[in-house]
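Novice: Please find one structure pasted underneath; my questions will follow.
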Amino acid sequence: MTTLEPRTVHISIDELASSVGQELAVSRWVLVDQDRIDRFADATGDNQWIHTDPDRASGSPFKGTVAHGLLTLSIVAALRTESIQLTDAAMSINYGLGKVRFPNPVRVNESVRARFLLREVKMISPGVLQVHWDATAERMSDRMVVCFAQPISRLTRSDPSHGATRSL
């Protein structure tokens, strides 16, 4: 699918199973500026010059600073939560990742967005589902892929009959 506009989906857990193989959402664009990169570097302790020293990075092949790959991945995770609204989930947690790749850099002051394809849904216990996604982030300037990831989430279904939720 080649949707150019952001598309947020509101979907129930029951509807997920019939959506396997479909691109469900396209996020909004997010600017990755130097302040965001610096704050990520401070939070993680990853202050490598290619991320945090604009003067030195101007002489690199990238001609400026670039975002950390893990910052890009973190943005993708936030965009998934924002773009896919589960209408009857009591809780959704990040369970892990399959394949993760960063084929192209995110240069400072570049905007990125992500697309989310639902790859697999499986019941792992009553009221708890494991959901596998394919997430592809692209940069605005040339639509090149900057991150491909296979996030895995666990969803807990709301129990409307008892007003309670099943814990993981």
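Novice: Roughly speaking, what is the stretch gain from residue 28 to residue 85, that is 0.36 nm per residue apart minus the C-alpha to C-alpha distance, in nm to one decimal?
Specialist: Separation in residues times 0.36 nm, less the Cα-Cα distance, equals 19.1 nm.
Novice: If you wrap a convex hull around the Cα atoms of region 61-122, how much volume per residue is inside, in Å³?
Specialist: It is 111 Å³ per residue.
Novice: Still on this model: Using the Kirkwood radius built from alpha carbon pairs, what does the Stokes-Einstein equation give as D for the chain at 37 °C and 0.692 mPa s, in µm² per second?
Specialist: Estimated diffusion coefficient is 192 µm²/s.
Novice: Given a Förster distance of 25 angstrom, what is the FRET efficiency for residue 122 paired with residue 7, based on the Cβ-Cβ distance and rounded to 0.05?
Specialist: Calculated value: 0.50.
Novice: Taking only C-alpha pairs under 8 Å that are 6+ residues apart, what is the relative contact order of the chain in percent?
Specialist: Dividing the mean separation by the residue count of the chain yields 26 percent.
Novice: Turning to a different aspect of this structure: Can you give the FRET efficiency to the nearest 0.05 for residue 70 and residue 130, using r as the Cβ-Cβ distance and R₀ = 22 Å?
Specialist: Rounded to the nearest 0.05, the efficiency is 0.45.
Novice: Still on this structure: Might you tell me the accessible area per residue for the chain, computed with a 1.4 Å probe and given in Å²?
Specialist: So the chain comes to 52 Å² accessible per residue, rounded to a whole number.
Novice: Here's another thing I want to ask about it. Leaving ligands, DNA and RNA out of it, report the carbon-plus-sulfur percent of the accessible area of the chain at a 1.4 Å probe.
Specialist: Of all accessible area on the chain, carbon and sulfur atoms account for 52 percent.
The values are calculated or read from the model by the stated rules, or taken from the named source; none is laboratory data. Quick caveat: nothing in here was measured; it's all calculated off a predicted structure. Ideal geometry is used to build each Cβ from the backbone, glycine not excepted, and the neighbour counts take in all protein chains shown. Please note that ligands, DNA and RNA were not included when accessible areas were found on the heavy atoms of the full protein model with its side chains. Shrake-Rupley method; radii C 1.70, N 1.55, O 1.52, S 1.80 Å.
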